[in-house]
């Protein structure tokens with residue numbers, strides 16, 4: 001037996017880590033889907049011609065971006081029940097990480113919207129397009145193509161931040177590795193394998209984003 005890295009023990013714990021990795025991927029994808037939609041809403045609200053709406057949205061975005069994700073999930077899971085918000089650790093963690101990254105994603109959308117040529121807005125106005133049709137048919141298709149790489153970065157960053165959720169008892173990949181290590185007091189194998197899982201999945205996400213970027217690239 002190799003006392004430094006026990007291959008037999010690594011093979012035995014591999015299925016448990018693989019299941020935890022799927023669980024972690026699920027949290028990431030659901031959270032990122034929420035962040036994409038909510039981030040777009042926040043970006044549009046921040047561009048609102050109504051000063052009260054745009055300023056309030058800006059304050060909320062800056063507040064969330066300026067506070068740690070760990071504190072936010074703690075507040076949702078541990079402080080929420082004091083005010084009637086009783087939800088599971090998984091739900092609290094997914095909501096927390098989605099809200100946190102929605103604020104970052106909103107800034108990415110805002111940058112993309114600002115990069116659309118002014119002439120596009122003027123052309124839509126000249127065609128008497130409604131504000132809704134201007135955004136959905138003219139502006140957003142151009143803006144989103146430009147920000148796909150940045151959105152992909154946040155997808156990978158969100159995946160790598162999922163270990164934070166173990167603080168509220170969500171058994172994601174890193175927490176599963178710690179649980180396995182505590183059973184035998186061998187942490188090298190589970191932690192090393194967890195790092196390999198994170199590396200492989202992060203590279204897969206990055207490759208998928210690059211493929212999507214090429215597919216949507218303007219000729």
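Among all positions in region 32-53, there is at least one residue which is within 20 Å of residue 200 (Cβ to Cβ) and either modelled with pLDDT of 95 or more or touching a helix residue (DSSP H, G or I) at 6+ places or on another chain (Cβ under 8 Å) (or both).
For region 165-207, the set of residues classified as without any contact (Cβ under 8 Å) to a residue 24 or more places away in the chain and under 21 Å from residue 152 (Cα atoms) consists of 195, 196, 199, 200, 203, 204, 207, listed by residue number. The criterion of being over 24 Å from the mean Cα position of the chain (by Cα) and either modelled with pLDDT under 90 or loosely packed, with under 15 Cβ neighbours inside 10 Å (or both) holds for residue 123. Here residue 170 meets each of (1) surrounded by fewer than 18 Cβ atoms within 10 Å (Cβ to Cβ); (2) outside any helix (DSSP H, G or I); (3) at negative phi with one exception, condition (1).
The values are calculated or read from the model by the stated rules, or taken from the named source; none is laboratory data. The shown structure was predicted, so the numbers you read here are calculated from the model rather than taken from an experiment. Positions of Cβ are backbone-derived with ideal geometry, glycine not excepted, and every protein chain shown enters the neighbour counts.
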